[in-house]
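Working notes for the structure below.
The values are calculated or read from the model by the stated rules, or taken from the named source; none is laboratory data. The model shown is predicted, which means the values in this text are computed figures rather than measured ones. All Cβ positions, glycine included, derive from the backbone under ideal geometry; neighbour counts span all protein chains shown.
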There are 2 protein chains.
Amino acid sequence: MRIIGIDPGSLRTGYGIIESDARGELRHVAHGCLNVAGRPFLERIGAIYRDLAQVLAEHRPDTAAIEQVFMARNADSALKLGQARGAALVALLEAGLPVEEYTALQIKKASVGAGHADKAQVQSMVRWLLHLDKNPQADAADALACAICHAHHARTQQRWQAAGHV
Amino acid sequence: MRIIGIDPGSLRTGYGIIESDARGELRHVAHGCLNVAGRPFLERIGAIYRDLAQVLAEHRPDTAAIEQVFMARNADSALKLGQARGAALVALLEAGLPVEEYTALQIKKASVGAGHADKAQVQSMVRWLLHLDKNPQADAADALACAICHAHHARTQQRWQAAGHV
């Protein structure tokens, strides 16, 4: 199963693509950061959609995971983040991907093992889990962590299904 | 010039389409409300994009106007409104439309003549200006008011250009 994780933002949207095999082994496919800073706001929203659609066309993931955002610093940053996330969601949904949402707590627990991890810890653990030769950029690391979280949840769910519990 | 105005929302997105001729006469083309209430949030975001893309394909406007949102009740509603607005913007931008933003004050001044107008006043004035036989639904009326605002601004700009001021 090929999973894309997304860490949306109005300036930088991180993405990370991994593969999870039948034994639960994870393999890194690609990661990056769509940087739309320095352009007028409306152009940024259009660029997030187009750039992400291009990443999806290139790497053809089977499923998507995105952080569920509840809070923002204030209403203004929430409006900006919301529009960026909306553009990213349209790209995922129009590509026909099932989209799962995970809270920041779930994502940090799945990647670092603790809900209070900081950005540097997420970067280090993602690097270690995916055998990367250096720390990924912070937004891309968060996106990879989101994809890892989805791989764990999907695998747990498969086991329960296999055991006849659901 | 055929103008679509958009009043985005995470439950209801109003749209209104008008034509403005060389003399500044306005003609009503269509209006409506994309109601996505009662579905899971992610489905709503996808539906706003798809439903609006269909409206654009049917009515083929030349340009778009959307309310510039600065404020929201709280960060949670700002995040939801932001995602709805992001999905609507992607539909407009992907249709190749130039998008102009107007503040609520500009829109109310252009339609009602006063910045403090309430929803009912906007509905009545839009009905009168566009010779409709009944008040449009509130979100559709706001969208039509946004399109009227754009028609006025575009015409003022044309006059200034014709007079050699810009």
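All but one of (1) among the charged types (D, E, K, R); (2) surrounded by 15 or more Cβ atoms within 10 Å (Cβ to Cβ); (3) in contact with a strand residue (DSSP E or B) (Cβ under 7 Å, 6 or more places away or on another chain) hold for A:Lys80, so report the exception by its number.
With respect to (1) among the charged types (D, E, K, R); (2) surrounded by 15 or more Cβ atoms within 10 Å (Cβ to Cβ); (3) in contact with a strand residue (DSSP E or B) (Cβ under 7 Å, 6 or more places away or on another chain), A:Lys80 is out only on (3).
Output the residue which, of all residues in segment B:86-108 that are touching a residue at least 24 places away in the same chain (Cβ under 8 Å) and surrounded by fewer than 16 Cβ atoms within 10 Å (Cβ to Cβ), is farthest from the other protein chains (Cβ to nearest Cβ).
Restricting to residues being touching a residue at least 24 places away in the same chain (Cβ under 8 Å) and surrounded by fewer than 16 Cβ atoms within 10 Å (Cβ to Cβ), the top hit is B:Thr103.
What pairs come up if the first residue lies in segment B:22-43 and is on the phi < 0 side of the Ramachandran plot, the second is at pLDDT 95 or above and of a type in the set (Lys, Arg), and their beta carbons are under 6 Å apart, counting only those six or more places apart or on different chains?
B:Cys33/B:Arg12; B:Asn35/B:Arg12; B:Val36/B:Arg44
Within segment B:114-126, identify whether any single residue is within 25 Å of A:Tyr49 (Cβ to Cβ), small (Gly, Ala, Ser) and more than 13 Å from the chain's Cα centre (by Cα), and answer yes or no.
The answer is no; no qualifying residue exists.
Which one of these is within 14 Å of B:His28 (Cβ to Cβ) and at pLDDT below 95: B:Ser111, B:Ser77?
That would be B:Ser111, the only listed residue that is within 14 Å of B:His28 (Cβ to Cβ) and at pLDDT below 95.
Restricting the first residue to segment A:71-85 and requiring it to be more than 19 Å from A:Leu105 (Cβ to Cβ), which pairs with a second residue that is among the basic types (Lys, Arg) and modelled with pLDDT of 95 or more meet a Cβ separation below 8 Å and a spacing of at least six or different chains?
A:Leu79/B:Arg85; A:Gly82/B:Arg85; A:Gln83/B:Arg85; A:Ala84/A:Arg44
Among the residues of segment B:38-68, which ones are more than 27 Å from B:Leu105 (Cα to Cα) and in a loop (DSSP other than H, G, I, E, B)?
Answer for segment B:38-68, where residues must be more than 27 Å from B:Leu105 (Cα to Cα) and in a loop (DSSP other than H, G, I, E, B): B:Gly38, B:Arg39, B:Pro40, B:Arg60.
Can you confirm whether A:Ala114 is at negative phi, surrounded by fewer than 18 Cβ atoms within 10 Å (Cβ to Cβ) and aliphatic (A, V, I, L, M)?
On the way: at negative phi: yes; surrounded by fewer than 18 Cβ atoms within 10 Å (Cβ to Cβ): yes; aliphatic (A, V, I, L, M): yes.
In short, yes.
Out of all the residues in segment A:52-73, is one or more surrounded by fewer than 19 Cβ atoms within 10 Å (Cβ to Cβ), within 12 Å of chain B (Cβ to nearest Cβ) and more than 22 Å from B:Ile45 (Cα to Cα)?
yes
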